[in-house]
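Novice: Let me give you the structure first, and then I'll get to my questions.
The values are calculated or read from the model by the stated rules, or taken from the named source; none is laboratory data. None of these values were measured; they are calculated from a predicted model. Cβ sites come from the backbone with ideal geometry, for glycine too, and all protein chains shown count toward neighbours. Protein only, heavy atoms only, side chains kept; ligands, DNA and RNA dropped before computing areas. Shrake-Rupley method; radii C 1.70, N 1.55, O 1.52, S 1.80 Å.
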Amino acid sequence: MSRGTRVSERDPLNSLAYEVAGSGPPLILLHGLSGSGRWWGRNVPAFANSFRTYTVDLPGFGESRGVRWSRLDDIADRLADWLVDEGLAHAHIAGHSLGGAVAARLAARHPDRIDRLVLVDAAIRPQGTRLTARPAHVMRTIGRSSLGFAPLLVRDLLRCHPRSFVAATVDALQTDWEPLLRRIEAPTLVVWGARDAITPLAIGQEIAAV
(Lines give C-alpha, C1' and ligand atoms only; values in the text may rest on other atoms or scores of the structure.)
Protein backbone atom coordinates (compact mmCIF):
# COMPACT_ATOMS: atom_id res chain seq x y z
CA MET A 1 0.00 0.00 0.00
CA SER A 2 1.36 3.42 -0.88
CA ARG A 3 0.69 6.51 1.19
CA GLY A 4 0.96 10.15 0.26
CA THR A 5 -0.46 13.62 0.30
CA ARG A 6 -1.06 14.94 -3.16
CA VAL A 7 -0.56 18.70 -3.19
CA SER A 8 -3.56 20.27 -4.87
CA GLU A 9 -2.79 22.87 -7.51
CA ARG A 10 -6.00 24.65 -6.48
CA ASP A 11 -5.22 24.84 -2.77
CA PRO A 12 -1.77 23.49 -1.79
CA LEU A 13 -2.23 24.31 1.90
CA ASN A 14 -5.39 22.19 2.13
CA SER A 15 -4.30 18.90 0.61
CA LEU A 16 -5.73 15.60 1.83
CA ALA A 17 -3.74 12.57 2.99
CA TYR A 18 -4.61 9.21 1.49
CA GLU A 19 -3.39 5.65 0.89
CA VAL A 20 -3.71 3.61 -2.31
CA ALA A 21 -3.75 -0.15 -2.82
CA GLY A 22 -4.60 -2.55 -5.64
CA SER A 23 -5.57 -2.00 -9.25
CA GLY A 24 -8.76 -1.76 -11.26
CA PRO A 25 -11.67 0.70 -11.21
CA PRO A 26 -11.20 3.39 -8.54
CA LEU A 27 -12.94 2.94 -5.18
CA ILE A 28 -12.86 5.73 -2.58
CA LEU A 29 -13.33 4.83 1.11
CA LEU A 30 -14.34 7.54 3.60
CA HIS A 31 -14.06 6.93 7.36
CA GLY A 32 -16.37 7.86 10.22
CA LEU A 33 -16.35 10.69 12.74
CA SER A 34 -13.05 11.04 14.67
CA GLY A 35 -11.51 8.33 12.52
CA SER A 36 -8.99 7.96 9.70
CA GLY A 37 -8.56 5.91 6.57
CA ARG A 38 -6.94 3.20 8.70
CA TRP A 39 -10.40 2.23 9.94
CA TRP A 40 -10.77 0.40 6.62
CA GLY A 41 -7.56 -1.59 7.18
CA ARG A 42 -9.25 -4.99 7.36
CA ASN A 43 -11.37 -4.31 4.28
CA VAL A 44 -8.74 -2.92 1.94
CA PRO A 45 -7.01 -6.25 1.09
CA ALA A 46 -10.29 -7.69 -0.19
CA PHE A 47 -11.23 -4.55 -2.11
CA ALA A 48 -7.74 -4.22 -3.58
CA ASN A 49 -8.15 -7.53 -5.39
CA SER A 50 -10.66 -5.87 -7.72
CA PHE A 51 -10.30 -2.10 -7.28
CA ARG A 52 -7.67 0.60 -7.06
CA THR A 53 -8.63 1.46 -3.50
CA TYR A 54 -8.12 4.91 -1.98
CA THR A 55 -8.56 5.48 1.76
CA VAL A 56 -8.81 9.23 2.33
CA ASP A 57 -8.39 11.07 5.63
CA LEU A 58 -11.14 13.68 5.78
CA PRO A 59 -10.30 17.30 6.73
CA GLY A 60 -9.60 17.61 10.45
CA PHE A 61 -8.95 13.89 10.94
CA GLY A 62 -6.09 11.42 10.68
CA GLU A 63 -3.15 12.73 8.69
CA SER A 64 -5.41 15.49 7.32
CA ARG A 65 -5.98 16.92 10.81
CA GLY A 66 -4.12 20.10 9.86
CA VAL A 67 -6.84 20.91 7.32
CA ARG A 68 -9.91 22.43 8.97
CA TRP A 69 -13.37 21.00 8.42
CA SER A 70 -15.61 23.50 6.65
CA ARG A 71 -19.23 23.14 5.61
CA LEU A 72 -20.39 19.76 4.33
CA ASP A 73 -21.00 21.18 0.85
CA ASP A 74 -17.42 22.45 0.82
CA ILE A 75 -16.06 19.05 1.86
CA ALA A 76 -17.98 17.37 -0.98
CA ASP A 77 -16.67 19.92 -3.47
CA ARG A 78 -13.14 19.49 -2.12
CA LEU A 79 -13.37 15.74 -2.73
CA ALA A 80 -14.70 16.34 -6.25
CA ASP A 81 -11.62 18.52 -6.87
CA TRP A 82 -9.45 15.80 -5.34
CA LEU A 83 -10.81 13.31 -7.86
CA VAL A 84 -9.78 15.69 -10.64
CA ASP A 85 -6.31 16.10 -9.11
CA GLU A 86 -5.97 12.32 -9.04
CA GLY A 87 -6.96 12.08 -12.69
CA LEU A 88 -10.16 10.20 -11.84
CA ALA A 89 -13.06 11.11 -14.10
CA HIS A 90 -15.40 9.14 -11.83
CA ALA A 91 -15.22 6.50 -9.10
CA HIS A 92 -17.15 4.22 -6.78
CA ILE A 93 -17.41 5.62 -3.26
CA ALA A 94 -18.20 4.04 0.11
CA GLY A 95 -18.61 6.00 3.32
CA HIS A 96 -19.09 4.98 6.94
CA SER A 97 -20.86 7.19 9.50
CA LEU A 98 -19.67 10.76 8.84
CA GLY A 99 -17.98 9.47 5.69
CA GLY A 100 -21.37 8.21 4.54
CA ALA A 101 -22.79 11.73 4.93
CA VAL A 102 -19.90 13.13 2.89
CA ALA A 103 -20.24 10.43 0.24
CA ALA A 104 -23.98 11.06 -0.09
CA ARG A 105 -23.41 14.79 -0.37
CA LEU A 106 -20.75 14.24 -3.04
CA ALA A 107 -23.07 11.96 -5.01
CA ALA A 108 -25.89 14.53 -4.81
CA ARG A 109 -23.75 17.53 -5.80
CA HIS A 110 -21.52 15.83 -8.38
CA PRO A 111 -23.51 12.93 -9.87
CA ASP A 112 -21.23 12.71 -12.90
CA ARG A 113 -18.31 11.79 -10.62
CA ILE A 114 -19.89 8.82 -8.83
CA ASP A 115 -20.46 5.41 -10.42
CA ARG A 116 -21.84 3.55 -7.40
CA LEU A 117 -22.45 4.61 -3.81
CA VAL A 118 -22.30 2.54 -0.62
CA LEU A 119 -23.59 4.00 2.67
CA VAL A 120 -22.45 2.14 5.79
CA ASP A 121 -24.23 3.18 9.01
CA ALA A 122 -24.26 6.69 7.55
CA ALA A 123 -24.72 9.73 9.83
CA ILE A 124 -27.81 10.86 7.94
CA ARG A 125 -31.37 11.48 9.02
CA PRO A 126 -33.79 11.89 6.09
CA GLN A 127 -36.10 14.06 8.18
CA GLY A 128 -33.23 16.29 9.32
CA THR A 129 -33.61 15.43 13.02
CA ARG A 130 -30.63 15.03 15.28
CA LEU A 131 -29.19 11.73 16.35
CA THR A 132 -29.31 11.20 20.11
CA ALA A 133 -26.13 9.24 20.77
CA ARG A 134 -25.42 9.19 24.52
CA PRO A 135 -21.96 8.50 25.97
CA ALA A 136 -23.20 5.10 27.10
CA HIS A 137 -24.07 4.25 23.50
CA VAL A 138 -20.60 5.23 22.34
CA MET A 139 -18.91 3.20 25.08
CA ARG A 140 -21.11 0.20 24.28
CA THR A 141 -20.11 0.43 20.63
CA ILE A 142 -16.42 0.63 21.54
CA GLY A 143 -16.84 -2.32 23.86
CA ARG A 144 -18.24 -4.41 21.02
CA SER A 145 -15.27 -3.55 18.80
CA SER A 146 -12.52 -6.04 18.19
CA LEU A 147 -9.47 -5.83 20.45
CA GLY A 148 -7.41 -4.49 17.55
CA PHE A 149 -9.86 -1.76 16.56
CA ALA A 150 -10.60 -0.14 19.93
CA PRO A 151 -7.06 1.28 20.41
CA LEU A 152 -7.14 2.64 16.85
CA LEU A 153 -10.47 4.32 17.53
CA VAL A 154 -9.20 5.97 20.72
CA ARG A 155 -5.93 7.05 19.09
CA ASP A 156 -7.71 8.71 16.17
CA LEU A 157 -10.19 10.39 18.51
CA LEU A 158 -7.35 11.91 20.54
CA ARG A 159 -5.47 13.23 17.52
CA CYS A 160 -8.34 14.70 15.51
CA HIS A 161 -8.77 18.48 15.47
CA PRO A 162 -11.30 19.34 18.24
CA ARG A 163 -13.01 22.16 16.34
CA SER A 164 -13.26 20.02 13.22
CA PHE A 165 -14.79 17.23 15.30
CA VAL A 166 -17.50 19.53 16.67
CA ALA A 167 -18.15 21.27 13.35
CA ALA A 168 -18.40 17.98 11.44
CA THR A 169 -20.83 16.55 13.98
CA VAL A 170 -23.14 19.58 13.92
CA ASP A 171 -22.91 19.93 10.15
CA ALA A 172 -23.83 16.35 9.31
CA LEU A 173 -26.62 15.98 11.86
CA GLN A 174 -28.44 19.27 11.27
CA THR A 175 -28.79 18.99 7.49
CA ASP A 176 -32.16 18.49 5.81
CA TRP A 177 -31.23 15.27 4.03
CA GLU A 178 -34.34 14.02 2.24
CA PRO A 179 -34.21 16.42 -0.76
CA LEU A 180 -30.49 15.69 -1.17
CA LEU A 181 -30.96 11.94 -1.08
CA ARG A 182 -33.54 12.24 -3.85
CA ARG A 183 -30.92 13.92 -6.06
CA ILE A 184 -28.57 10.93 -5.94
CA GLU A 185 -28.46 9.20 -9.31
CA ALA A 186 -25.83 6.51 -8.63
CA PRO A 187 -26.96 2.97 -7.80
CA THR A 188 -26.79 2.89 -4.01
CA LEU A 189 -26.29 0.10 -1.48
CA VAL A 190 -27.28 0.81 2.14
CA VAL A 191 -25.41 -1.38 4.66
CA TRP A 192 -26.27 -1.27 8.37
CA GLY A 193 -25.31 -2.96 11.61
CA ALA A 194 -28.36 -4.41 13.32
CA ARG A 195 -26.91 -3.60 16.78
CA ASP A 196 -25.58 -0.12 16.04
CA ALA A 197 -26.39 1.94 19.14
CA ILE A 198 -25.27 5.28 17.67
CA THR A 199 -27.07 5.19 14.32
CA PRO A 200 -29.89 2.67 14.80
CA LEU A 201 -31.07 0.33 12.06
CA ALA A 202 -34.28 2.36 11.66
CA ILE A 203 -32.21 5.20 10.17
CA GLY A 204 -30.86 2.89 7.48
CA GLN A 205 -34.36 1.75 6.68
CA GLU A 206 -35.47 5.39 6.34
CA ILE A 207 -32.60 6.13 3.96
CA ALA A 208 -33.33 3.08 1.83
CA ALA A 209 -36.98 4.09 1.59
CA VAL A 210 -36.27 7.56 0.17
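Novice: How far apart, in nm, are two points set 7 Å out from the Cα along the Cα-to-Cβ line at D176 and at R163?
Specialist: Placing both labels 7 Å along Cα→Cβ, they lie 2.9 nm apart.
Novice: Share of the range 6-126's accessible area from carbon and sulfur, percent, 1.4 Å?
Specialist: Numbers: 2090 of 4530 Å².
Carbon plus sulfur share of accessible area: 46 percent.
Novice: Ok, one more. Please list the non-local residues whose amide H lies under 5 Å from the amide H of L30, H modeled 1.01 Å from N, same-chain partners needing a gap of 5 or more.
Specialist: Under 5 Å from the amide H of L30: A94, G95, H96.
Novice: Roughly how compact is the range 32-97, stated as its Cα Rg over 2.2 N^0.38 Å to two decimals?
Specialist: On the way: Rg = 12.4 Å, N = 66, 2.2 N^0.38 = 10.8 Å.
Cα Rg divided by the expected 2.2 N^0.38 Å: 1.14.
Novice: Hey, can you grab everything whose amide H is under 5 Å from the amide H of R116? Only 5+ residues off in sequence or another chain; H modelled, so Pro and N-termini drop out.
Specialist: Here H92, I93 satisfy the definition.
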